[in-house]
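**Q** The structure's right below; bear with me while I get my questions together.
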Amino acid sequence: MTQDVEMAEQAPPSNSVSSVDPSVFQHLKEIASLIETGAYAREVRRISRAVRLTMVLRKKLNASSLFAFLNYVLVPGSEVHSRLSSFLPKEDEHDMEVDTAPSGTPAPVKNHLPELEIYCYLLVLIFLIDHKKYNEAKTCSSASIARLKTVNRRTVDVLASRLYFYYSLCYELTGDLAEIRGNLLALHRIATLRRDELGQETLLNLLLRNYLHYNLYDQAEKLRSKAPHFEAHSNQQFCRYLFYLGKIRTIQLEYTDAKESLLQAARKAPQAALGFRVQCNKWAIIVRLLLGEIPERTVFMQKGMEKALRPYFELTNAVRIGDLELFRNVADKFSSTFGSDRTNNLIVRLRHNVIRTGLRNISISYSRISLTDVAKKLRLDSPNPVADAESIVSKAIRDGAIDATLDHANGWMVSKETGDIYSTNEPQIAFNSRIAFCLNMHNEAVRALRFPPNSHKEKESAEKRRERQQQEQELAQHIAEEDDDDF
């Protein structure tokens with residue numbers, strides 16, 4: 001259910017062990033030290049590194065190691081310690097014991113850094129989700145969000161963005177995603193007032209996902225258009241935003257913009273995010289078919305995606321040959337897959353493209369054909385197939401899909417002779433699309449350039465400095481001349 005945007009952030013739970021793993025506990029202490037150093041030095045980079053190390057370590061987490069870490073970081077018996085400990089499975093006390101400090105050295109002084117407290121919430125929440133204890137995870141995530149509302153420190157923003165994500169994930173896994181929409185809007189407002197841009201990115205994506213989960217595309221577009229725009233700070237959040245934007249544009253019939261957003265999301269996504277890239281490719285394939293394009297076979301042969309994209313490969317084949325009956329069979333055969341991907345409505349739109357492709361093949365093959373035969377070859381299943389074929393042919397001629405004329409008196413479709421394709425606008429359209437692609441790539445490369453900060457200002461200040469020195473020299477010389485004259 002959440003495979004499309006999690007980007008490999010969920011890890012399978014490890015085998016629970018009753019004893020503390022010394023290596024895991026030592027790594028957790030090093031991460032805590034890194035967070036503490038970053039909090040005192042106000043270096044967000046260290047906090048981000050601590051979160052990345054935690055994601056690597058999460059497969060090895062167990063209840064005993066987490067309980068020992070809580071004893072190491074928090075004051076035993078405190079409110080936050082008691083709350084977090086209550087979410088962990090109860091083990092024997094002798095199994096929970098661990099040497100929290102090297103022999104011969106005093107135990108660490110317990111402090112009340114909000115960063116370490118929030119990090120403990122994050123660790124326990126990840127543990128609960130990995131072990132599929134979703135109800136306990138909901139309670140823990142709600143408590144962590146309540147604590148975050150009282151903390152206004154920029155060093156907490158990285159940890160807060162992760163907690164926002166898992167907060168929404170817990171409620172989605174339990175089917176209660178609509179309950180937190182108002183809270184997410186309030187958190188987004190708080191993040192905007194605090195100038196927490198990473199939190200704004202994360203919460204905007206969570207809100208868009210919340211709306212799209214219930215097919216509220218108009219509300220999602222209103223929120224997206226009115227949300228503040230700024231430079232993306234997280235590549236993962238930017239990819240998610242592009243994916244949601246592509247889905248909104250697809251539903252709104254803006255297929256060209258949707259195709260660009262979906263392909264860019266798939267291209268920028270990390271290689272480990274296989275599920276996310278599969279979802280992007282599924283929607284991109286449908287959008288390209290709606291645009292009248294046929295995706296290359298290499299799209300369906302990407303590593304690790306062959307099985308997942310097989311239904312869309314057969315669908316593409318049906319659209320390519322214009323066989324309406326084959327199209328219906330494929331749609332019925334993989335209806336459950338299309339339903340889980342939420343592309344059923346888009347596939348219904350493809351029926352018109354299939355008919356148009358079949359009609360184009362007929363117009364190329366026959367110089368003159370009756371409308372009755374057109375209806376048979378298109379395999380129209382309507383009560384009056386001849387009348388439907390006539391309207392379909394008329395619309396295709398008006399839209400420029402086929403170059404033919406309609407003889408209403410005799411009930412014929414008369415195709416015009418195929419001339420030189422270079423005398424048409426097709427080469428110009430293809431050339432223009434390639435030029436637009438190259439220009440877009442050039443513009444993205446220019447935007448990705450990095451320059452030293454204030455380099456232009458330093459150059460201007462140096463020039464002004466030289467001008468000022470020259471003016472001062474001229475003024476001093478003029479004053480000296482006036483003094484000589486007075487003397």
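**Q** Quick one: count up the residues across segment 192-233 that are in contact with a Leu (Cβ under 6 Å, 6 or more places away or on another chain) and more than 16 Å from Gly182 (Cα to Cα).
**A** Count: 1.
**Q** A further question on this structure: Taking only segment 353-392 into account, find how many residues are touching an Asp or Glu at 6+ places or on another chain (Cβ under 6 Å) and loosely packed, with under 13 Cβ neighbours inside 10 Å.
**A** 1
**Q** Let me ask another. Within segment 140-154, restricting attention to residues that are open to solvent by less than 10 Å² (accessible area, probe 1.4 Å) and small (Gly, Ala, Ser), which residue is nearest to the chain's Cα centre (by Cα)?
**A** The qualifying residue nearest to the chain's Cα centre (by Cα) is Ser141.
**Q** Quick one: is Ala284 among the small types (Gly, Ala, Ser) and under 22 Å from Leu216 (Cα atoms)?
**A** Yes: the conditions hold for Ala284.
**Q** Please go through (1) within 38 Å of the chain's Cα centre (by Cα); (2) modelled with pLDDT under 70 for Asn425 and return the number of the only condition it doesn't satisfy.
**A** Unmet for Asn425, out of (1) within 38 Å of the chain's Cα centre (by Cα); (2) modelled with pLDDT under 70: (2).
**Q** Next up: Taking segment 429-487 as the search range and keeping residues that are modelled with pLDDT of 65 or more, open to solvent by less than 100 Å² (accessible area, probe 1.4 Å) and not in a helix (DSSP H, G or I), which one is nearest to Glu260 (Cα to Cα)?
**A** Across segment 429-487, the extreme among qualifying residues is Ala448.
**Q** Something else about it: List every residue pair whose Cβ atoms lie under 7 Å apart, where the two residues are 6 or more positions apart in sequence or sit on different chains, the first residue falls within segment 60-83 and is closer than 19 Å to Lys132 by Cα, and the second residue, located anywhere, is buried (at least 17 other Cβ atoms within 10 Å of the Cβ) and of a type in the set (Phe, Trp, Tyr).
**A** Pairs found: Leu61/Phe127; Ser65/Phe25; Leu66/Phe127.
**Q** Right, another one. Which one of these is buried (at least 17 other Cβ atoms within 10 Å of the Cβ), without any contact (Cβ under 8 Å) to a residue 60 or more places away in the chain and either touching a Lys or Arg at 6+ places or on another chain (Cβ under 8 Å) or of a type outside the set (D, E, K, R) (or both): Leu350, Leu324?
**A** Leu324
**Q** Then there's this: Taking Leu28, is it under 29 Å from Asn205 (Cα atoms) and either of a type in the set (A, V, I, L, M) or modelled with pLDDT of 70 or more (or both)?
**A** no
**Q** Filter segment 155-203 down to the residues that are more than 18 Å from Tyr241 (Cβ to Cβ), of a type in the set (A, V, I, L, M) and open to solvent by 40 Å² or more (accessible area, probe 1.4 Å) and list them by number.
**A** Selection gives Leu173, Ala178, Ile190, Leu193.
**Q** Take Tyr244 and tell me if it is part of a helix (DSSP H, G or I), open to solvent by 10 Å² or more (accessible area, probe 1.4 Å) and more than 29 Å from Gly358 (Cα to Cα).
**A** no
**Q** Here's a follow-up. Go through segment 54-139 and tell me which helices (runs of 4 or more DSSP H), entirely inside it, have 1 or more residues that are modelled with pLDDT of 80 or more and open to solvent by 10 Å² or more (accessible area, probe 1.4 Å).
**A** 63-73, 79-86, 114-130
**Q** Criterion first (of a type in the set (D, E, K, R) and under 21 Å from the mean Cα position of the chain (by Cα)) does Asp323 satisfy it?
**A** It is false that Asp323 is of a type in the set (D, E, K, R) and under 21 Å from the mean Cα position of the chain (by Cα).
The values are calculated or read from the model by the stated rules, or taken from the named source; none is laboratory data. The structure presented is a predicted model; accordingly, all values stated were derived computationally and were not measured. A quick note on method: Cβ atoms are made from the backbone with ideal geometry, for glycine too, and the neighbour counts reach across all protein chains shown. Only protein heavy atoms, including side chains, enter the accessible area calculation; ligands, DNA and RNA are left aside. Shrake-Rupley method; radii C 1.70, N 1.55, O 1.52, S 1.80 Å.
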